[in-house]
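Okay, structure first, notes after.
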Amino acid sequence: MNIAVIGLGYLGATTAVALSLVGHDVIGIDPDQAKVDALRAGRVPFFEPGLDEALVEAQTTGRLRFQTEHIHTSVDVDVFLLCVGTPQSRTGLGADLRYLESSIDNLAPFLRANAIVVGKSTVPVGTAEKLKSRLAAHVSFEPYMSWNPEFLREGTALKDTLTPDRIVIGVDDPHSEALLRQMYEPMAAVNIPIVKVDSKTAELVKVAANSFLATKISFINAMAEISEQVGADAVLLAEAIGYDERIGNKFLKTGIGFGGGCLPKDIRAFQACAADLGLEQSVSFLAQVEDINLRRRRRVVDIAREELGDLTNRRVAMLGAAFKPETDDIRDSPAMAVAELLWAAGAHVVIHDPKAVENVRRMYPNVGVAESVAEAVAGADLVVVGTEWREYALADAWQLGALAKNKLVIDGRNILPYRQWQEAGWKVIALGRNLEHNPIEVLV
Ligand code: UGA
């Protein structure tokens, strides 16, 4: 099939590569010339494991091209996939839909009557209907519009796209359903379930899934708050409840909580959407989910104060800037949020991250950045683990102990082999844990 992927961020670039690898002809479109140039040259403009190689492989098939705008060839497109960002609006909690709207306006002149338009971005329920009316105002026929949410995670984006747990197609007419089933035939052939719903349900499925995941993390972090108060251990608690198949052991890691370009903005947008529907009570618990999440970040600074007193001019090594490992994305990153709180408290924070340093420099030009863990830790009064990179779990506690001014570490992700660190002379404080009574090691 001929497919246009509009928007070439984490979602669009991965989708374009994956669909061309399974045999479709794909044009990726993004107005950002630098992004298009990089992709044409076989370079993914962000860090995503395996995607560079897959991009080059897809390009050698001749089935993947990139452009900054639609050209005459867009009239041959069967499926227009909208993969543009839906960031939080500047004026409230809701989603900003302007990139979706301009995508619709730009593709309209090239839309054939039997081509379909499919949204993949995360949106408030009812967006497909609104975009369909917008599109209808541009064309002389009734356009086809549907929603096909995406569940890929950064760090495992390509695998999640090629072999997802499920594919959800939100279609309101048989023609869109037929074309989407044809597009996903290579996935259906390997028994990936395709769940067919209407477009509104599909829009809700995505925010519901992300809200559930965020709630799961905040639930275990709430247990961590209680555990800290009474001297219990939330990591062991998570293990114990996780054996119950109804609960499951995934997404129950305690620490400084969730961040990134999706979960935080999606739970805010869901609250705004529910309020617009007069149903704020239905998802009012999401405000608590966010509160718990933000409290865990502040907890790190409280512990630092309890241990060190005034933080003015104290040197803190922040290990990690990315919102999670295997990405260079620092959007709404818990590690960076903790770093900002420590700055605000007067500390001198030096940040290390294996992949996200460029993004840190771009967003925080004045921040101290270290090229290695050793450089970050040298002379530190406190070390904080902010991102669960494997490199930190494997770091040499003895070598780092010789470099630090004060051997104090707060493990915000529960990844350090504590006994080793303690044997090397470190005082280890791990969020939600009782290391005295339960010195069990957890390794990523
Ligand atoms: C999330 C969803 O997991 C994807 O299914 C969805 O497609 C994507 O958002 C999206 O909407 O596009 P992602 O943002 O890549 O994916 O990251 P997650 O793996 O969900 O992690 C989110 C945050 O939660 C990270 O900061 C991570 O460190 C934190 N986390 C995760 C925990 O604190 N504890 C856990 O047990 C798991």
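Only one of the numbered conditions (1) in contact (Cβ under 8 Å) with a residue 60 or more places away in the chain; (2) under 24 Å from Asp266 (Cβ atoms); (3) surrounded by fewer than 23 Cβ atoms within 10 Å (Cβ to Cβ) is violated by Val338, and that is (3). Contact annotation: residue pairs with Cβ atoms under 9 Å, 6 or more positions apart or on different chains, pairing a residue in region 221-248 that is free of Cβ contacts under 8 Å to residues at least 24 places away in the same chain with a partner that is within 13 Å of the ligand (Cβ to nearest atom) and among the polar types (S, T, N, Q), are Leu237/Thr254; Ala238/Asn249; Ala238/Thr254; Glu239/Asn249; Ile241/Asn249; Gly242/Asn249; Tyr243/Asn249.
Got a number for residues in region 108-126 being part of a helix (DSSP H, G or I) and in contact with a helix residue (DSSP H, G or I) (Cβ under 7 Å, 6 or more places away or on another chain)?
Start the filter on region 108-126 by keeping residues that are part of a helix (DSSP H, G or I), which leaves 108-110.
Still in the running and in contact with a helix residue (DSSP H, G or I) (Cβ under 7 Å, 6 or more places away or on another chain): 108, 110.
Qualifying residue count for the region: 2.
Within region 244-261, can one find any residue that is outside any loop (DSSP other than H, G, I, E, B) and either more than 13 Å from the ligand (Cβ to nearest atom) or closer than 30 Å to Asp329 by Cα (or both)? Among the residues of region 244-261, not one is outside any loop (DSSP other than H, G, I, E, B) and either more than 13 Å from the ligand (Cβ to nearest atom) or closer than 30 Å to Asp329 by Cα (or both), which makes the answer no.
When you look at Ala275, is it assigned to a strand (DSSP E or B), more than 17 Å from the chain's Cα centre (by Cα) and either touching a residue at least 12 places away in the same chain (Cβ under 8 Å) or not assigned by TED's automatic domain parsing to the domain that holds Val125 (or both), yes or no? Break it down stepwise before answering.
Numbers: assigned to a strand (DSSP E or B): no; more than 17 Å from the chain's Cα centre (by Cα): yes; either touching a residue at least 12 places away in the same chain (Cβ under 8 Å) or not assigned by TED's automatic domain parsing to the domain that holds Val125 (or both): yes.
Criteria not met by Ala275.
What about Glu129, is it away from the ligand (no atom under 15 Å from the Cβ) and either assigned to a helix (DSSP H, G or I) or among the polar types (S, T, N, Q) (or both)? In short, yes. When region 388-424 is filtered for residues that are outside any helix (DSSP H, G or I) and among the aromatic types (Phe, Trp, Tyr), only Trp389 remains.
Might you check whether a residue that is outside the structural domain of Pro143 (by TED's automatic domain parsing) and within 22 Å of Arg153 (Cβ to Cβ) occurs anywhere in region 175-183? Scanning region 175-183 turns up no residue that is outside the structural domain of Pro143 (by TED's automatic domain parsing) and within 22 Å of Arg153 (Cβ to Cβ). Just one of the listed residues (Ile267, Ile292, Ile303) is more than 19 Å from the chain's Cα centre (by Cα) and of a type in the set (A, V, I, L, M), and it is Ile303. Checking the stated criteria, Asp353 turns out to be at negative phi and surrounded by 18 or more Cβ atoms within 10 Å (Cβ to Cβ).
Just one of Asp276, Asp266, Asp310, Asp291 is within 13 Å of the ligand (Cβ to nearest atom) and over 23 Å from Ile415 (Cα atoms); which is it?
Working: Asp276 fails: within 13 Å of the ligand (Cβ to nearest atom); Asp310 fails: within 13 Å of the ligand (Cβ to nearest atom); Asp291 fails: within 13 Å of the ligand (Cβ to nearest atom).
Residue meeting the stated conditions: Asp266.
Within the option set Arg305, Arg299, being more than 11 Å from the ligand (Cβ to nearest atom) and either surrounded by fewer than 16 Cβ atoms within 10 Å (Cβ to Cβ) or outside the structural domain of Ser333 (by TED's automatic domain parsing) (or both) holds for one residue only, Arg305.
Put simply, of Val383, Val409, Val338, Val377 the only residue that is more than 29 Å from Ala222 (Cα to Cα) and either among the small types (Gly, Ala, Ser) or not assigned by TED's automatic domain parsing to the domain that holds Gly50 (or both) is Val377.
Looking at the structure I just gave you, is Ser89 modelled with pLDDT under 95 and either farther than 20 Å from Val283 by Cβ or surrounded by fewer than 24 Cβ atoms within 10 Å (Cβ to Cβ) (or both)? So Ser89 passes the test. Looking across region 214-236, the residues that are among the aliphatic types (A, V, I, L, M) and surrounded by 19 or more Cβ atoms within 10 Å (Cβ to Cβ) come down to Ala214, Ile217, Ile220, Ala222, Met223, Ala224, Ala234, Val235.
Pairs linking a residue in region 1-19 that is under 13 Å from Lys159 (Cα atoms) and assigned by TED's automatic domain parsing to the domain that holds Arg153 to a residue that is in a helix (DSSP H, G or I) and away from the ligand (no atom under 13 Å from the Cβ), with Cβ atoms under 6 Å and 6 or more positions apart or on different chains, are Val17/Ala54; Val17/Leu55; Val17/Ala58; Ala18/Leu162.
If you go through region 379-429 and keep only what is under 20 Å from Asp353 (Cβ atoms), in contact with an Asp or Glu (Cβ under 9 Å, 6 or more places away or on another chain), of a type in the set (Gly, Ala, Ser) and more than 16 Å from the ligand (Cβ to nearest atom), you end up with Ala397, Ala404. Ala95 satisfies every condition listed in (1) closer than 21 Å to His138 by Cα; (2) buried (at least 23 other Cβ atoms within 10 Å of the Cβ) except (1).
Please work out which residue is nearest to Asp332 (Cα to Cα), limiting yourself to region 375-405 and to residues that are among the small types (Gly, Ala, Ser) and within 28 Å of the chain's Cα centre (by Cα).
Gly386
The values are calculated or read from the model by the stated rules, or taken from the named source; none is laboratory data. All values derive from a computational prediction rather than experimental measurement. Cβ sites come from the backbone with ideal geometry, for glycine too, and all protein chains shown count toward neighbours.
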